[in-house]
Amino acid sequence: MIKIAGLTKRYGDRTAVDGLTFTVEPGRVTGFLGPNGAGKSTTMRMILGLDRPDAGTVTIGDRRYVDLPRPMREVGALLDARAVHPMRTARDHLLCLAQTNAIPAARVDEVLELVGLTSVARKRAGTFSLGMGQRLGIAVALLGDPKVLMFDEPVNGLDPEGIKWIRELMRGLAAEGRTVLVSSHLMSEMALTADHLVVIGRGRLIADVSIDDFVRQGSDVLVRADDQDSFAGRLTELGATVRPDDDGGLVVTGLEPREIGRAALAAGVVLSELTPRRVSLEEAYMDLTRDSIEFQASAA
């Protein structure tokens with residue numbers, strides 16, 4: 001488990017992370033989302049003790065990362081797959097890390113097999129393609145067989161087979177009861193991989209919710225009814241948000257179709273349309289983070 005409480009990090013007059021609080025629970029894949037510049041990488045670096053927070057705390061299993069006696073046995077992380085000496089072979093790179101964390105050499109060969117690099121284990125990392133380098137970075141994260149894993153853009157450079165493999169790997173690790181935190185800009189992959197979402201913008205928490213609830217909150221129901229004005233008022237009384245549709249109907253959020261139908265029955269209103277419209281994860285994410293985008297291109 002990763003616990004973040006009141007985490008704040010400033011660089012000069014810029015606040016990169018601002019009072020961030022959330023918990024990454026074991027047994028599920030938590031997607032860590034946010035626009036460029038939102039503070040995701042800074043947060044992950046503070047979890048690993050690479051950056052020191054100006055305020056707040058980060059603990060992994062009730063201890064700071066710097067206090068873990070054998071950190072790779074407890075936390076595996078992929079932040080930058082290029083962080084390897086280019087003249088060192090893949091196997092030697094892993095073996096060096098294993099020796100510093102009292103990890104048996106046999107585990108090196110296991111993870112090389114797991115990530116599909118056995119055939120190139122004796123090749124220098126500097127000759128690797130982007131995808132091969134990414135697989136080596138994933139092998140480093142898995143080396144200590146840790147209970148907590150963090151991945152920053154893990155599918156970067158992977159082909160379709162590799163993307164499917166890392167998706168299934170992360171879900172399998174979570175199913176074993178491990179804590180898995182993954183940051184990505186690929187909403188299509190997050191929709192297939194994550195169980196829970198933590199979304200930040202400009203360093204602040206925007207959402208901490210299951211992926212199903214996140215998408216449901218961005219969905220709506222198209223309603224057409226007799227006496228729509230009075231029915232809209234009734235739906236508002238029940239807690240819904242109602243706005244007119246471009247084609248003359250009502251767009252209702254905050255109530256499920258069944259609840260709307262029951263309200264119509266109770267009010268004696270005849271419905272001519274009741275259409276649930278479920279948005280995609282990408283649409284829900286774009287709508288939620290629209291005001292938090294720091295770097296936005298202008299229209300052509």
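Side notes on the structure shown:
- Given charges at beta-carbon only (K, R positive; D, E negative), |dipole| of the stretch 207-300 in Debye: 260
- Cβ charges +1 (Lys, Arg) and -1 (Asp, Glu), total dipole of the chain, debye: 1560
- Net charge dipole size for the stretch 155-196 [Lys, Arg +1 and Asp, Glu -1 on Cβ; Debye, nearest 20]: 80
- Relative to the longest principal axis of the Cα atoms of the chain, helix 228-237 runs at roughly 50 degrees.
- The Arg14 and Glu168 beta-carbon pair, evaluated with R₀ = 35 Å, returns a calculated FRET efficiency of approximately 0.35.
- Angle in degrees between helix 257-267 and the longest Cα principal axis of the chain, rounded to the nearest 10: 20
- Each of Thr21 and Cys96 was given a label point 7 Å from its Cα along the Cα-to-Cβ line. The distance between the two points is 4.2 nm.
- Note on Asp226 and Lys3: the model spin-label points, each 7 Å out from Cα along the C-beta direction, lie 5.9 nm apart.
- Mean residue ellipticity (222 nm) of the chain, computed from DSSP H runs ≥ 4 via -39,500 (n - 2.57), nearest 500: -10000 deg cm²/dmol
- Pairs with C-alpha atoms separated by more than 21 Å, drawn from the list Lys40/Lys164; Lys3/Lys147; Lys3/Lys40, are Lys40/Lys164.
- For the stretch 220-277, convex hull volume per residue from C-alpha positions, Å³: 67
- The stretch between Arg204 and Asp109, if pulled fully straight at 0.36 nm per residue, gains 30.1 nm over its current Cα-Cα span.
- Based on Cα contacts under 8 Å between residues 6+ apart, the chain shows a relative contact order of 21 percent.
- Look at the dipole of the chain built from charges on Cβ: of Phe214, Tyr65, Pro154, the Cα furthest out on the positive end belongs to Tyr65.
- Cα→Cβ-extended label distance, 7 Å offset, between Asp195 and Thr275, nm: 3.5
- Dividing the convex hull volume of the alpha-carbon atoms in the chain by its residue count gives 177 Å³ per residue.
- On Cα atoms only, tilt of 130-142 relative to the major axis of the chain in degrees: 80
- Between Met87 and Arg63, the FRET efficiency from the beta-carbon distance, with R0 = 35 Å, is close to 0.50.
- Per-pair calculated FRET efficiency, R0 = 41 Å: Asp54 and Arg124 via Cβ, rounded to 0.05: 0.55
- Exposed loop sites here are trypsin sites (Lys or Arg not before Pro) assigned a DSSP state other than H, G, I, E or B and surrounded by at most 14 other beta carbons within 10 Å; excluding them, the longest clear run of the chain is 124-277.
- Multiplying the residue separation of Asn36 and Asp80 by 0.36 nm and subtracting their alpha-carbon distance yields 14.2 nm.
Each reported figure results from applying straightforward, stated rules to the coordinates on display, with no laboratory input. Keep in mind that this is a model prediction, so the values were computed, not measured. Every residue, glycine among them, receives a Cβ derived from its backbone with ideal geometry; neighbour counts consider all protein chains shown.
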